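This report concerns only the one structure given below.
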Amino acid sequence: MPPALSVARFLVPAALLLVGGRPAATDAMREGAQHTGYPEHAIRLLVPYAAGGGADFWARAVSERLADRLHVAITVDNRPGTGGNAGTAIAAAGAPDGYTLLLGSVGPLAVHPATYRQLAFDPATAFAPVGLLESSPLALVIHPSVPAQTLPELLAYAKAHPGTLTCGTNGMGSPEHVAYQWLVQTAGVEIKHVPFDGAGPARKALARNGVSMMLDPMKAAMPAVQKGSERALAVAGPARLPTMPHVPTFAEAGVPGLDGLRIWTGILAPAGTPRAIIDTLNAALRDVMAEPEMRASVAQVGGRATPGSPAEFAAFIRSERGVWRTLARKTGLVGVVQ
């Protein structure tokens, strides 16, 4: 990977990134700043997950570059808890002045509205979207000790040995839990669900063979798969990843309905933040994501850079919310978390 973005654990496969041409983005940023005087002091970027994870990596990588363009400090404030809901709620209650931002993600913004009975915020109305950062398809990865080289072989083994395999997830009501439930219901197999408090503990359990498998975004699983400490059996994309052409999609492997499920992050502000400020932030973000290092990193792992806007990110979130709500209904996981 390019030196400026060299990251051992978190690559960016199949990313959908909001980028634009550097000159146009910079001009829009300057124009917005002239109209608003924004920003005049430091900005806080709330990350509703623990430091050291994938979301935290993206927050720090992007905030450093945004700070250079906006000429103010940007502080990353990690507020983990309840699958990202705690920190997201704090951001929702922030002043709509552009100085409190959120690194939002698929869980709190698209999945939890269906799987949680109650949230302290309404993701449909609490935020003003700024821009999408990245997305990565879910992949089914297993410990090498599991006697299966393909998804059909895994499912055959599960049917022959019901209840002996285990699947770790990020927790009850998480995107990975919904995907797991669809997998076992569609395949008609008995694989025990083992919920963890976040992706980090689940990955550690898989590494030590504490669980047989997990559903993980490919950006996080890829290093372990490349080392051989995990085996990828299927990826939830519309097509195979160019960097891992040997890994079929779920549909190709005989389990339809999961293709297109992805884990993503983006930048949002509290609802009511002035449009001029949102436009300034979006222009700066597009300028950051247009950096050659960013583009090269995306291309290296099969990603594709596309233009974006706050309106397009808002439409993306609405679409994702519909996809996950439909899947939660089909799996019986609506309101599963009290």
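List Leu183, Leu215 from most exposed to least, where exposure is judged by having the fewest other Cβ atoms within 10 Å. Mind showing how you got there, number by number?
Values: Leu183 24, Leu215 28.
The most exposed by this proxy come first: Leu183, Leu215.
If you find the alpha carbon centre of the stretch 97-139 and of the stretch 255-294, how far apart are they in angstrom?
Computed from Cα coordinates, the inter-centre distance equals 11 Å.
State the percent of C-alpha pairs, over all pairs in the stretch 137-235, separated by a distance greater than 15 angstrom.
Percentage above 15 Å: 55.
For a quick check: with amide H placed at 1.01 Å from N, whose amide H comes under 5 Å from Gly131's, ignoring anything fewer than 5 positions away on the same chain?
Placed amide hydrogens put Ile267 under 5 Å from Gly131.
Please report the relative contact order for the stretch 129-198, taking Cα pairs under 8 Å with a sequence separation of at least 6, and give it as a percent rounded to a whole number.
Reported relative contact order: 32 percent.
Restricting to DSSP H runs of at least four residues, report the calculated mean residue ellipticity at 222 nm for the chain, -39500 (n - 2.57) per run over all residues, nearest 500 deg cm²/dmol.
On the way: 11 runs with 132 residues, N = 338.
It lands at -12000 deg cm²/dmol.
In what sequence do Met218, Met213 fall when counting other Cβ within 10 Å, fewest first?
Listing Met218, Met213 from fewest to most nearby Cβ atoms yields Met213, Met218.
In terms of modelled amide H atoms, which long-range or inter-chain residues lie less than 5 Å from the amide H of Thr169?
Val194, Phe196
Provide the per-residue ³J(HN,Hα) series for the stretch 118-132, in order, calculated from phi with Karplus coefficients 6.51, -1.76, 1.60 and θ = phi - 60°, each as a whole number of Hz, with x at glycine and proline positions.
8, 10, 7, 8, 9, x, 7, 10, 7, 9, 10, x, 9, x, 7
Which whole-number percent is the relative contact order of the chain (Cα, under 8 Å, 6+ apart)?
After rounding, I find 33 percent.
To check you understand DSSP bridge types, tell me what percent of the beta bridges within the chain (both residues inside) are antiparallel, rounded to 5.
Within the chain, antiparallel bridges account for around 55 percent of the total.
Every read-out reported here was derived from the displayed coordinates using simple, explicitly stated rules and does not represent laboratory data. All of these numbers come straight from a predicted model, not from anything done at the bench. Methodologically, a virtual Cβ is constructed for each residue, glycine included, from the backbone with ideal geometry; neighbour enumeration extends over all protein chains shown.
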